[in-house]
1. Of all the residues that make up the range 47-66, how many are surrounded by 19 or more Cβ atoms within 10 Å (Cβ to Cβ) and either modelled with pLDDT of 90 or more or among the β-branched types (Val, Ile, Thr) (or both)?
2. Considering only the range 16-56, how many residues are assigned to a helix (DSSP H, G or I), of a type in the set (Val, Ile, Thr) and touching a residue at least 24 places away in the same chain (Cβ under 8 Å)?
3. Between a first residue in the range 3-15 that is in contact (Cβ under 8 Å) with a residue 40 or more places away in the chain and a second residue that is surrounded by 11 or more Cβ atoms within 10 Å (Cβ to Cβ) and polar (S, T, N, Q), which pairs have beta carbons less than 6 Å apart while being 6 or more apart in sequence or on different chains?
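The values are calculated or read from the model by the stated rules, or taken from the named source; none is laboratory data. Predicted, not measured: the structure shown is a model, and the values here were computed from it. All Cβ positions, even for glycine, are placed from backbone atoms using ideal geometry, and neighbour counts span all protein chains on display.
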Amino acid sequence: MSYRFVAPRTATTPKILRDFVAVLMVAFGHEEIVEQLRLCVSEVVTNAYHHTRTDLITVDVSLGSAGVTVWVNDDRPEWLPRPPRSAPHWRSEHGRGLFLVSRLADRWDVAANGAGTKRFGFSIDYKGAA
């Protein structure tokens, strides 16, 4: 099952989109991963808000039999984040979000789409899924 959420790039968008995704997970009975998912969505959407010029932030959510995958689309294909080598310094203002996603998600990926966009995605497996 797939869902798409589109919202304007505003300061409230990370909260709105993480809440939409959380409600979706509760509706499908996957409360066990809601907090992990909320944190990851918040970090990735916040990056799109702060580091892009896009008018709209698009979040695609795919619910599979073993877990959920979330893709956030933005207009900065030239900026492809790299995996953090270690935990960022506690005073650092950069790198904490991607570090959190790399620790909370089971998998993540980023790729340029062409046409001036990129997709940052992550997956979280349902707890107890075989």
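1. Residues that pass the stated criteria total 3.
2. 6
3. These pairs meet every condition: VAL6/THR58; ALA7/THR13; ARG9/THR54.
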